[in-house]
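Notes follow once the structure below has been shown.
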Amino acid sequence: MTKAARILRSHNHNLLLGQATLNFLGAAIGLLLSKGAIDFPVLMAAMLVVLGGLLSWGESRSRETVSDSRASACFVLGLLPVYLFVWMLQARDGAAVYGTLWTPFRHHELSVLTVALLAPPVIWMGVACILCFPLLAYIQLQQFPLEVLAHIESRPLVPIVAFSLFALGLYLFRMRWRKIACSAAEREAEVRLMKRFTNSILAIKDLANSPLQAILLDVDLLQKKHPDCAEVAGRIGKSAEKLRDLNKVLNAYRIDPTKGPLSMDSRAELRKKG
Amino acid sequence: MKKILILDDELELRQSLAATLEMALPVECVQRARKDDCHQDESRLNEFHVAVLDINLGHGLPTGLDAYFWLRLCGYQGRCIFITGHALEHPLAQEAARLPGVEIFEKPVEVRRLIGIIKEALGD
């Protein structure tokens, strides 16, 4: 497994684990801090949030690499009950705050920032997940009765829109950083592979050079001592010269002294794996 | 007759080099496979005019550089020629190249050139 793949795997696993944790915490905190009545539908929505968290947690425990699209799909599935939950909490809170000044969509603000930090690597899905919060807030605001609207502070959508824009920026920055980290890891893996290849070539060269030198010397001896063998010696000599030329081609693979020590043991170098 | 010390862990190469040099030049070659084998020549080191040393003498064994330092420590005054199968950029080859009175070549060296190098080192 390359370092890039390991980073990708650990990123997607961590993302899903983070989502699972925050789904559990979010359900509990939402219920605890709710101003409205906690009835059966709210409890069911909270249970769905926990179930979504369990789904993400199960996926994060997978030994296999979780692909970007799979992680994104899992994230969206875990997030759907959150939309339902914050919608219901808003509705209950709105009903409970008659007579007092109320700032709606506080849950949305926290949730949209959480999504920005954990949103899936498929960018259109991440952007859609973030934009759903102001969109839901807008739709819900249209549905509030006049009595509730009378107690809402002016321009109630401004904070959630501002939070969503901030979340979008944060999310896009996170994705850019992730891309850079993956590219750097891939480049590092390529360099490591190239170094390994170069070391193998150099080890082969080293192991072949001494026998080749002996052949060249013996061909010379044969030609001088036994002129009657000149034809055979000439053929061996030409073949040896071809091997020498190959050696020159392999000279393209040079040692970079800045890339760490190189073993003197060529056989051990060739036995190395990976 | 001038003497040449050949230190290389490859038997065939030692034999071929000795035979080639003895046929081409008026020299006697003494072949050794390891640095420790040279210890038997300690008392007559100054009889040698040239030492042809391989750098890699086997994994975990003293290198040609160790042999060089030992030779110099024992008062050997002659020329040293390193012939290595490794690339000349190898750190040990680079270290050898920086030593005083030393020449270094990468195997395989063309036979005529090799004889010329040894002839020049012998001062003939």
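Name the single residue, out of those in the range A:192-220 being hydrophobic (A, V, I, L, M, F, W, C) and in contact (Cβ under 8 Å) with a residue 60 or more places away in the chain, that is nearest to the other protein chains (Cβ to nearest Cβ).
A:LEU202
If I filter the range B:37-57 for residues that are assigned to a strand (DSSP E or B), buried (at least 21 other Cβ atoms within 10 Å of the Cβ) and within 12 Å of chain A (Cβ to nearest Cβ), do I get at least one hit?
Yes, there is a match, as at least one residue in the range B:37-57 is assigned to a strand (DSSP E or B), buried (at least 21 other Cβ atoms within 10 Å of the Cβ) and within 12 Å of chain A (Cβ to nearest Cβ).
Checking B:ALA33 against (1) in contact with a helix residue (DSSP H, G or I) (Cβ under 8 Å, 6 or more places away or on another chain); (2) away from chain A (no Cβ under 14 Å), which test does it fail?
Looking at each condition in turn, B:ALA33 falls short on (2).
What's the number of the condition A:ARG178 fails, among (1) among the charged types (D, E, K, R); (2) surrounded by 14 or more Cβ atoms within 10 Å (Cβ to Cβ); (3) closer than 30 Å to B:LEU92 by Cβ?
(3)
Would you mind finding the one in B:GLU28, B:GLU95, B:GLU89, B:GLU12 that is away from chain A (no Cβ under 14 Å) and without any contact (Cβ under 8 Å) to a residue 40 or more places away in the chain?
The match here is B:GLU28.
Cβ contacts < 9 Å: first residue hydroxyl-bearing (Ser, Thr, Tyr), restricted to the range B:46-66; second residue part of a helix (DSSP H, G or I) and surrounded by fewer than 24 Cβ atoms within 10 Å (Cβ to Cβ), any location; separation 6+ or different chain. Result?
Note: pairs meeting the criteria are B:THR63/B:LEU92; B:THR63/B:ALA96.
Yes or no: B:VAL109 outside any loop (DSSP other than H, G, I, E, B), under 22 Å from A:ASP218 (Cβ atoms) and within 12 Å of another protein chain (Cβ to nearest Cβ)?
So B:VAL109 fails the test.
Say we look at the range A:16-30 and pick out the residues that are of a type outside the set (A, V, I, L, M) and touching a residue at least 60 places away in the same chain (Cβ under 8 Å); which of these is surrounded by the most Cβ atoms within 10 Å (Cβ to Cβ)?
Once the filter is applied, the top-ranked residue is A:GLN19.
Each row is one residue, and each column tells you yes or no for (1) among the aliphatic types (A, V, I, L, M); (2) closer than 27 Å to A:PHE24 by Cβ; (3) buried (at least 18 other Cβ atoms within 10 Å of the Cβ).
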{"site": "A:VAL112", "(1), (2), (3)": "yes, yes, yes"}
{"site": "A:LEU131", "(1), (2), (3)": "yes, yes, no"}
{"site": "A:LEU135", "(1), (2), (3)": "yes, yes, no"}
{"site": "A:VAL148", "(1), (2), (3)": "yes, no, yes"}
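Going through B:LEU17, B:LEU65, B:LEU61 one at a time, which residue ends up being within 14 Å of chain A (Cβ to nearest Cβ), assigned to a loop (DSSP other than H, G, I, E, B) and under 25 Å from B:PRO100 (Cβ atoms)?
B:LEU61
A short reminder: the numbers here are calculations on the coordinates, not readings from a lab. Keep in mind that this is a model prediction, so the values were computed, not measured. Methodologically, a virtual Cβ is constructed for each residue, glycine included, from the backbone with ideal geometry; neighbour enumeration extends over all protein chains shown.
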